[in-house]
1. For segment A:155-173, indicate whether the set of residues that are touching a Lys or Arg at 6+ places or on another chain (Cβ under 6 Å) and either among the acidic types (Asp, Glu) or closer than 21 Å to B:Leu27 by Cβ (or both) is non-empty.
2. List the strands (runs of 3 or more DSSP E) inside segment A:73-167, counting only whole elements, that have at least 2 residues being buried (at least 23 other Cβ atoms within 10 Å of the Cβ).
3. Take segment A:168-177 and flag every residue that is more than 14 Å from every other protein chain (Cβ to nearest Cβ) and part of a loop (DSSP other than H, G, I, E, B).
4. Within segment A:283-290, is there a residue that is in contact with a helix residue (DSSP H, G or I) (Cβ under 8 Å, 6 or more places away or on another chain), aliphatic (A, V, I, L, M) and buried (at least 19 other Cβ atoms within 10 Å of the Cβ)?
5. Assuming A:Ile247 fulfils every condition listed in (1) more than 19 Å from the chain's Cα centre (by Cα); (2) surrounded by 21 or more Cβ atoms within 10 Å (Cβ to Cβ); (3) outside any loop (DSSP other than H, G, I, E, B) apart from one, which condition is it?
6. Condition first: of a type in the set (Phe, Trp, Tyr) and within 14 Å of chain A (Cβ to nearest Cβ). Now tell me which residues in segment B:1-53 satisfy that.
7. Residue check: is A:Thr271 of a type in the set (Val, Ile, Thr), touching a Lys or Arg at 6+ places or on another chain (Cβ under 6 Å) and more than 12 Å from A:Tyr219 (Cα to Cα)?
8. Being part of a loop (DSSP other than H, G, I, E, B) and within 14 Å of chain B (Cβ to nearest Cβ) is the filter here; which residues of segment A:261-307 pass it?
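Read-outs: derived from the displayed coordinates by stated rules, not from any lab. Computed from a predicted structure; not experimentally measured. Counting neighbours? That spans all protein chains shown, and the Cβs are built from the backbone with ideal geometry, glycine included.
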Amino acid sequence: MTTPSPEAPNNVWSRKGVAALLCCALFALVPAAAEAKIIHREKSLYSTILVDERGSLICLQFSVRRDQRNQSCLDRNDPKRMVFPYAHMMMLSLLFDPEPRHILVVGLGGGTLPTALHQLYPTASVDVVEIDPAVKTVAETYFGFTESERLQVILKDARVFTKRAVGAETRYDLIMLDAFNGDYIPEHLMTREYLEETRQLLTPGGVLAANTFAISRLYDHESTTYQAVFGSFYNIRSQVSANRIIIAVNGELPDVATRAGAASMLAGRLTPYGVRISDYLPAFTTKPDWDTTARVLTDQYAPANLLGSQ
Amino acid sequence: MPAIIYVLAFTGGFVIMSLELLGGRVLAPYFGSSIYVWGSIITVFMLSLALGYLFGGRLSLHRPSLTRFGLIFAVAAVLLYPLVYMAEPLMVWIFERVEDPRYGSLLAAGFLFILPTVIMGMISPYSVRLLVASTHESGQVAGRLYFVSTMGSALGTLATSFYFVLWFEMNTILTLLAGALLLMAGIAFAAGRLQDVP
């Protein structure tokens, strides 16, 4: 596993942004050093679910490997704070639609993103698709996740849900893809056809945010696949974790510079979550830093796991 | 001559498991990759093979020959190849009619894989019939044959999951599998003809 080169030409980070991320990284590291105690371990149908406690942090992992990149943490002293930069970066998608009415989140995890969206937009509907019933139980038991009339979890394979929703002409203003949490990548959720179906679920101008990989050959293939479906998109890479966030729009991609109004409107509302939009704005780029000749992933050609290990 | 039969049995084992692995990929876009999708596929393959064993044994009672053995491969190839064109429309059809992905995937796996797999299931018992010359050695021959065809299955599983899916599109692999079956049919026909020449 390699982390992206810090010299990558388009990773334009303000000094402030780097400082902020380093601070987050330290924040995440310090409690980790302070004795993590496993409070729940479960082999579910789909993964190994691990919940541990590090000081005030309760964290969810989908792997027994301790170097897992994607996880979800709850700070009991500050339950709203989003502990990981990737969650902050996902919230940046709100810049392109600051008032979504219908929201879809694929992948529940600890419920961080759907809960925050539900709190921010109490009158909007938030649908969450999660394949693993055990994850829902863990989110409810350890992470304070609760469903409500406008925040509901649908226990289904996301591909099946998406196909049915396209048929039923369901539409969302904002879709967040956060389904890649464990060692195993659901390959049928990383193909051109799946993204085309997801795009069909978006209203005109609707926004897609995807938490994906910044490591291995998969980075190139995934990038060309998103490009094939959405054309130009914003690519935001994290310097402290192996994540990158893709933000794409169903329609013309607006220049992030024109979103100053939305940014100032959101800034205050996102502060309780620890999201500082201005820190991330310099990282928005549409310039490809991947091999643009990499083969597009399709239902016919979907070796995401093999590419992810190379 | 026995060597040819072992080669054919090996290839049969290879194709069966390669196809079973691809089955998961074929169904995933419509029915997901949940455990019950694999359950459907494995159920269908086991049932089909079970029937194939029965029919293959039955067929071996009447004038067993390499030519007829080759015919099994040819028919399997002809039934396997249409998956390239039929899988998509068939799954759309089932998806629109069956809401529950458990039964949807079971039905789809059934329609797509029963026919070629039943035919491929006939290979093993038919091979035993062609190889066994005396009851005394029949156990040893059957053991050796299962060894060879199961090694084929192991290699088919490995090659498909480690390499083929990385190199080729799924339809290309299906075409190659059908091609391999046809090639085996050709070899059996040729060997059968040679055998007939005194």
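1. Kept after step one, since they are touching a Lys or Arg at 6+ places or on another chain (Cβ under 6 Å), are these residues of segment A:155-173: A:173.
Adding the requirement that they be either among the acidic types (Asp, Glu) or closer than 21 Å to B:Leu27 by Cβ (or both) leaves A:173.
Scanning segment A:155-173 turns up at least one residue that is touching a Lys or Arg at 6+ places or on another chain (Cβ under 6 Å) and either among the acidic types (Asp, Glu) or closer than 21 Å to B:Leu27 by Cβ (or both).
2. Values: elements: A:102-106, A:125-130, A:151-155.
Hits in segment A:73-167: A:102-106, A:125-130.
3. Of all residues in segment A:168-177, those more than 14 Å from every other protein chain (Cβ to nearest Cβ) come to A:169-177.
Passing the criteria: A:Glu169, A:Thr170, A:Arg171.
4. Within segment A:283-290, the subset in contact with a helix residue (DSSP H, G or I) (Cβ under 8 Å, 6 or more places away or on another chain) is A:283-284, A:288, A:290.
Among the residues that remain, those that are also aliphatic (A, V, I, L, M) are: A:283.
Cutting the leftovers down to buried (at least 19 other Cβ atoms within 10 Å of the Cβ) gives us A:283.
Among the residues of segment A:283-290, at least one is in contact with a helix residue (DSSP H, G or I) (Cβ under 8 Å, 6 or more places away or on another chain), aliphatic (A, V, I, L, M) and buried (at least 19 other Cβ atoms within 10 Å of the Cβ), which makes the answer yes.
5. (1)
6. Step one: of segment B:1-53, the residues of a type in the set (Phe, Trp, Tyr) are B:6, B:10, B:14, B:30-31, B:36, B:38, B:45, B:53.
Those that are of a type in the set (Phe, Trp, Tyr) and within 14 Å of chain A (Cβ to nearest Cβ): B:Tyr30, B:Phe31, B:Tyr36, B:Trp38.
7. Working: of a type in the set (Val, Ile, Thr): yes; touching a Lys or Arg at 6+ places or on another chain (Cβ under 6 Å): no; more than 12 Å from A:Tyr219 (Cα to Cα): yes.
When the stated conditions are applied, A:Thr271 does not pass them.
8. Pass one, segment A:261-307, residues part of a loop (DSSP other than H, G, I, E, B): A:274-276, A:284, A:286-303.
Matches in segment A:261-307: A:Ala294, A:Arg295, A:Val296, A:Leu297, A:Thr298, A:Asp299, A:Gln300, A:Tyr301, A:Ala302, A:Pro303.
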